Amino acid sequence: MRARPGENDRRPVAKGEVILRVEDLVKQFPVSTGLLRRHSGAVHAVDGVSFELAAGETLGIVGESGCGKTTLGRTMIRLLEPGSGRIEFKGTDITHLTRRQLRPLRRETQIVFQDPFSSLDPRMVVRDIIAEPLRAHGILRESGGRRRIRELMEVVGLNPDHDNRFPHEFSGGQRQRIGIARALALNPQLLVLDEPVSALDVSIQAQVINLLRRIQQEFGLAYVFISHDLTVVRHISTHVAVMYLGKFVETGTRDKVYGKPSHPYTQALLSAAPIADPAQRGRREHIVLEGDVPNAANPPSGCRFRTRCWKAEEVCARQAPDLTDRGQGHPSACHFAQVDTEVALPTS
Amino acid sequence: MSVRRPWVQALRALARNRAAVAGIVVIAILGFLVAAAPLLTSYDPMQQNLSSALRPPSAEHPLGTDNLGRDILARIMFGGRISLLIGVLAVSIAMAIGVPLGLLSGYFGGWVDMVIQRIADMMLSFTTFLLALALVAVLGVGLRNVIIATGVGVAPQFIRLARGLALSLREQAYVEAATGFGVSDLMILWRHVLRNSLTPLIVYATLNIGITIIVAAGLGFLGLGVQPPTPEWGTMLGEGRDYIFHASYLATFPGLAIFLAVLAFNLIGDGLRDALDPNLRA
């Protein structure tokens, strides 16, 4: 029998080993218009994104709503079909695997959804919800059955005696813990966290973030953490990518991106982030962006950010800037990339 | 333990709904009369007695006798067995056909959807009654064929409903989540889509029992349903038609029975919908 990708590859990944490599990933959605629903164009929700993620690391992806970060998160684990590009998981090309071939991969990559209400089937009790991934792979019994479920509930800080309750009997934060327990059931190596705390109260957010950090340390998972909230991303990420209209505009380690932001968009985002120290308030530069995010179906020529950028010049309309290091120490997609420490956020 | 709490809640809501409770009471009474018929009447529903034909209601014959001298009350009680059986069985057939087809159609989309929906469209272009009539014309008369024809006649309604449910449920985040865990499509259909469709399907089934009773009665009225001398409400109504001017009780009482049964099922259906639909429940 032909070995399926990922099947006999359940070995633990050493810390620092690259687990996910994405190259020039494109995901477009067709736009249909008119009575005949002719395909008149395409929205490039993700337009040429590349990155690497190693075990034990967290890549935080930040951007405004509609920038394609959720689509990127789903495409990279093949919940959505990629348009073009290449996705490698633990060295295996998974870009074009069929649904059947993907099954082993499903054990190793999991996703936690933003909405803790709609992502849990309202007619299932918690025990069945958490057991679902195990059942899907026929390993519920061998993994320990109900004991395993109770164990998972304990890991995420839920009372295991509540395993026969329905989702609606839990609070938002507890429901998100159920979602996390479910995602952990198969011992995945990569977890895509799609705005996992955005629907929660701030006090609960911190609890869930701390839980995620603890789990990561305990199990050595790689995280892709998608959020629009810079302060949340700062807490959990080792690496950060700032996304605008389907493209990464600035990437680097957390300290670099937060401490030495060089792309105008990153700077604008950081300048708008609330800051805890009252003495700093009002002293920081506050950059207010003009206008709205352009239509993704018809993005501006050249640099996509130029319509809202105060640095834009003629070259920006002509030529899209590459995501490269222009002397600032980490990649930035701006012709005039320049570190601005005025808006930097402390990362400790 | 409060494992089935949503159902308890729904039952409470149903108990508070007076119309639904009335429907349940009517069906319970009808059910009792029909089930206990041999104990409640000493008349044989088939036994002819021409010497006492066309008697109006009296102490001896509470609902009178028909043109062949048979006790109408006895015939309604025994006939109810057939009519209610047709209603329940026909809806079961309709669900057995319509629900799987509809769910597959809505969940998978594409050419599966195309094929199933064109067939459903074709069937829906006839009214339920006309479709059942055509089927009886092909299959022939008789109890079994009436049940099949009526069931197939309302099946497209269930295809449509199940398709719509599957269409909306497959977009739910928990279905996407299940896909992400590697749950197979059929398992998703079974565990998530079907289970979450059950409530509206049960409601719709209850409402359709009334419709199938009417369709079957209509066939009986036209002489294309259950054949005499077997008592069946629609057939009795048809037989009474000839005497409507001088012995109206022949047609009135079977008609009343149909009316009561259909009304009761509709009330229960409406009540169930209000009780089970979380969108309407406060």
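The values are calculated or read from the model by the stated rules, or taken from the named source; none is laboratory data. On a predicted model such as this, the values are computed, not experimentally measured, just so you know. So basically every Cβ, Gly included, is an ideal-geometry build from the backbone, and we count neighbours across all protein chains shown.
When you go through (1) more than 25 Å from residue A:88 (Cβ to Cβ); (2) in contact (Cβ under 8 Å) with a residue 12 or more places away in the chain one by one for residue A:203, which number turns out not to apply?
Among (1) more than 25 Å from residue A:88 (Cβ to Cβ); (2) in contact (Cβ under 8 Å) with a residue 12 or more places away in the chain, the lone unmet condition for residue A:203 is (2).
Given the structure, is residue B:225 in a loop (DSSP other than H, G, I, E, B) and surrounded by 22 or more Cβ atoms within 10 Å (Cβ to Cβ)?
Working: in a loop (DSSP other than H, G, I, E, B): yes; surrounded by 22 or more Cβ atoms within 10 Å (Cβ to Cβ): yes.
Yes; evaluated as a whole, the condition is true for this residue.
Just wondering, is there one or more residues in the range B:136-157 that are farther than 23 Å from residue A:192 by Cβ, within 14 Å of chain A (Cβ to nearest Cβ) and of a type in the set (A, V, I, L, M)? Outline the logic, then answer.
Step one: of the range B:136-157, the residues farther than 23 Å from residue A:192 by Cβ are B:136-157.
Applying the additional criterion that residues be within 14 Å of chain A (Cβ to nearest Cβ) yields none.
Among the residues of the range B:136-157, not one is farther than 23 Å from residue A:192 by Cβ, within 14 Å of chain A (Cβ to nearest Cβ) and of a type in the set (A, V, I, L, M), which makes the answer no.
For the range B:143-166, give me the residue count where each residue is closer than 11 Å to residue B:123 by Cα, without any contact (Cβ under 8 Å) to a residue 60 or more places away in the chain and under 13 Å from the mean Cα position of the chain (by Cα).
Total meeting the criteria: 1.
Filter the range A:98-121 down to the residues that are farther than 19 Å from residue A:70 by Cα and in contact with a helix residue (DSSP H, G or I) (Cβ under 6 Å, 6 or more places away or on another chain) and list them by number.
Matches in the range A:98-121: A:121 only.
Out of all the residues in the range B:171-179, is one or more crowded, with 16+ Cβ neighbours inside 10 Å, closer than 26 Å to residue B:29 by Cβ and among the hydroxyl-bearing types (Ser, Thr, Tyr)?
Initially, the range B:171-179 is screened for residues crowded, with 16+ Cβ neighbours inside 10 Å, giving B:172-179.
Then drop every residue that is not closer than 26 Å to residue B:29 by Cβ, which leaves none.
No, the range B:171-179 has no match at all.
Could you check the range B:161-170 and list, in sequence order, the residues that are surrounded by 24 or more Cβ atoms within 10 Å (Cβ to Cβ) and either of a type in the set (Asp, Glu) or in contact with a Phe, Trp or Tyr (Cβ under 6 Å, 6 or more places away or on another chain) (or both)?
Of everything in the range B:161-170, just one residue is surrounded by 24 or more Cβ atoms within 10 Å (Cβ to Cβ) and either of a type in the set (Asp, Glu) or in contact with a Phe, Trp or Tyr (Cβ under 6 Å, 6 or more places away or on another chain) (or both), namely B:166.
Looking for whichever is closer than 22 Å to residue B:160 by Cβ and small (Gly, Ala, Ser) here; the options are B:205, B:257, B:264. Which one fits?
Details: B:257 fails: closer than 22 Å to residue B:160 by Cβ; B:264 fails: closer than 22 Å to residue B:160 by Cβ.
The match here is B:205.
Show the residue pairs that are 6+ apart or on different chains and have beta-carbon atoms under 7 Å apart, the first residue being within the range A:334-347 and of a type in the set (Ser, Thr, Tyr), the second being in a helix (DSSP H, G or I).
A:347/A:234; A:347/A:254; A:347/A:255; A:347/A:258; A:347/A:259
Restricting attention to the range A:80-105, which residues are within 13 Å of another protein chain (Cβ to nearest Cβ) and crowded, with 19+ Cβ neighbours inside 10 Å?
A:97, A:102, A:103, A:104, A:105
Select from the range A:106-134 the residues that are farther than 24 Å from residue A:200 by Cα, at the interface with chain B (Cβ under 7 Å from one of its Cβ atoms) and in contact with a strand residue (DSSP E or B) (Cβ under 8 Å, 6 or more places away or on another chain) and list them in ascending order.
Scanning the range A:106-134 gives a single hit, A:133.
Could you count how many residues in the range A:292-332 are in contact with a helix residue (DSSP H, G or I) (Cβ under 9 Å, 6 or more places away or on another chain), of a type in the set (A, V, I, L, M, F, W, C), in contact (Cβ under 8 Å) with a residue 60 or more places away in the chain and surrounded by 19 or more Cβ atoms within 10 Å (Cβ to Cβ)?
Qualifying residue count for the region: 1.
If I ask for residues that are β-branched (Val, Ile, Thr) and crowded, with 19+ Cβ neighbours inside 10 Å, which ones from the range A:118-152 would you list?
First, pick out the residues of the range A:118-152 that are β-branched (Val, Ile, Thr): A:125-126, A:129-130, A:139, A:149.
Of everything in the range A:118-152, those that are β-branched (Val, Ile, Thr) and crowded, with 19+ Cβ neighbours inside 10 Å turn out to be A:126, A:129, A:130, A:149.
Give the residue, chosen from A:288, A:249, that is of a type in the set (Val, Ile, Thr) and assigned to a loop (DSSP other than H, G, I, E, B). Outline the logic, then answer.
Working: A:249 fails: assigned to a loop (DSSP other than H, G, I, E, B).
Checking each option against the conditions leaves just A:288.
Kindly indicate whether any position in the range B:169-182 is within 13 Å of another protein chain (Cβ to nearest Cβ), of a type in the set (Phe, Trp, Tyr) and touching a Ser or Thr at 6+ places or on another chain (Cβ under 7 Å).
yes
If residue A:150 satisfies every condition in (1) farther than 20 Å from residue B:174 by Cα; (2) out of contact with any helix residue (DSSP H, G or I) (no Cβ under 7 Å at 6 or more places or on another chain); (3) part of a helix (DSSP H, G or I); (4) not polar (S, T, N, Q) but one, which is the exception?
Only one criterion in (1) farther than 20 Å from residue B:174 by Cα; (2) out of contact with any helix residue (DSSP H, G or I) (no Cβ under 7 Å at 6 or more places or on another chain); (3) part of a helix (DSSP H, G or I); (4) not polar (S, T, N, Q) is unmet by residue A:150, namely (2).
Working only within the range B:36-51, note down all residues that are touching a residue at least 12 places away in the same chain (Cβ under 8 Å) and surrounded by fewer than 16 Cβ atoms within 10 Å (Cβ to Cβ).
Pass one, the range B:36-51, residues touching a residue at least 12 places away in the same chain (Cβ under 8 Å): B:37, B:40-41, B:43-51.
Of everything in the range B:36-51, those that are touching a residue at least 12 places away in the same chain (Cβ under 8 Å) and surrounded by fewer than 16 Cβ atoms within 10 Å (Cβ to Cβ) turn out to be B:40, B:44, B:46, B:47, B:48, B:49, B:50, B:51.
From the list A:199, A:131, A:183, which residue is within 18 Å of the chain's Cα centre (by Cα), modelled with pLDDT of 90 or more and not acidic (Asp, Glu)?
Numbers: A:199 fails: modelled with pLDDT of 90 or more; A:131 fails: within 18 Å of the chain's Cα centre (by Cα).
Of the residues listed, the single one that is within 18 Å of the chain's Cα centre (by Cα), modelled with pLDDT of 90 or more and not acidic (Asp, Glu) is A:183.
Which one of these does residue B:197 not meet: (1) farther than 20 Å from residue B:112 by Cα; (2) in a helix (DSSP H, G or I); (3) of a type outside the set (Asp, Glu); (4) within 14 Å of another protein chain (Cβ to nearest Cβ)?
Single failed check for residue B:197: (1).
For the range B:148-160, enumerate the residues that are among the aliphatic types (A, V, I, L, M) and either buried (at least 23 other Cβ atoms within 10 Å of the Cβ) or not in a helix (DSSP H, G or I) (or both).
Keep residues of the range B:148-160 that are among the aliphatic types (A, V, I, L, M), which gives B:148-149, B:152, B:154-155, B:159.
Residues satisfying the conditions are B:149, B:154, B:155, B:159.
Would you say residue A:193 is touching a residue at least 60 places away in the same chain (Cβ under 8 Å) and of a type outside the set (Asp, Glu)? Write out each step before concluding.
Values: touching a residue at least 60 places away in the same chain (Cβ under 8 Å): yes; of a type outside the set (Asp, Glu): yes.
Yes: the conditions hold for residue A:193.
Only one of A:155, A:197 is over 30 Å from residue B:8 (Cβ atoms), crowded, with 22+ Cβ neighbours inside 10 Å, more than 14 Å from chain B (Cβ to nearest Cβ) and among the hydrophobic types (A, V, I, L, M, F, W, C). Can you tell me which?
Details: A:155 fails: crowded, with 22+ Cβ neighbours inside 10 Å.
None of the other options fit; the residue is A:197.
Which of the residues belonging to the range A:135-150 are charged (D, E, K, R) and either closer than 28 Å to residue A:198 by Cβ or within 9 Å of chain B (Cβ to nearest Cβ) (or both)? Please lay out each step first, then the result.
Taking the range A:135-150 and keeping what is charged (D, E, K, R), we get A:135, A:141-142, A:146-148, A:150.
Listed by number, the list holds a single entry, A:135.
How many of the residues in the range B:44-74 are farther than 13 Å from residue B:239 by Cβ and not in a loop (DSSP other than H, G, I, E, B)?
Number of matching residues: 6.
Only one of these conditions is not met by residue A:180: (1) within 23 Å of residue A:140 (Cα to Cα); (2) among the hydrophobic types (A, V, I, L, M, F, W, C); (3) more than 14 Å from chain B (Cβ to nearest Cβ). Which number is it?
That leaves (3) as the condition not met.
Is there a residue in the range B:8-23 that is within 14 Å of another protein chain (Cβ to nearest Cβ) and touching a Leu at 6+ places or on another chain (Cβ under 8 Å)?
In the first step, residues of the range B:8-23 are kept if they are within 14 Å of another protein chain (Cβ to nearest Cβ); the result is B:8-10.
From what is left, the residues that are touching a Leu at 6+ places or on another chain (Cβ under 8 Å) are B:10.
Yes - at least one qualifying residue is present in the range B:8-23.
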